[in-house]
Amino acid sequence: MKGWQQALLVILIMITALPDSFAARHHASSGERNRADNSANGISEQQAIAIAQQHFRGRVLAINRSGNLYRIKILSDQGTVHSVLINAQNGALVSTR
């Protein structure tokens, strides 16, 4: 292999490696941005579920966020479906049904 071919091969290898490193950096910064957004936007879904399960033990069927409220549906061990509203900003219990 001639010198210019070796150089071209090295350049091609370096070029193909670049997108992976850029993607890894972008992914990390996106994750940091999402954590900052979550703290500015109140509690996370996981925190809302934990709060709801303090009131009704069971399997979470659904969680939806609408504005400043999380609506969490929980199926209790007795087979009853409970709907819990949690304030998405501060985690306060709004209502249960």
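A short reminder: the numbers here are calculations on the coordinates, not readings from a lab. This is a predicted model, so every value here is computed, not measured. Because the Cβ atoms are built from the backbone with ideal geometry, glycine has one as well, and the counts that use them run over all protein chains shown.
Would you calculate the separation in nanometres between label points at N64 and Q47, each defined as 7 Å from the Cα along the Cα-to-beta-carbon direction?
Spacing of the two 7 Å Cα→Cβ label points: 2.3 nm.
Taking region 45-96, how much of its Cα-Cα pair set, in percent, is spaced more than 15 angstrom apart?
Tail of the P(r) past 15 Å holds 32 percent of the pairs.
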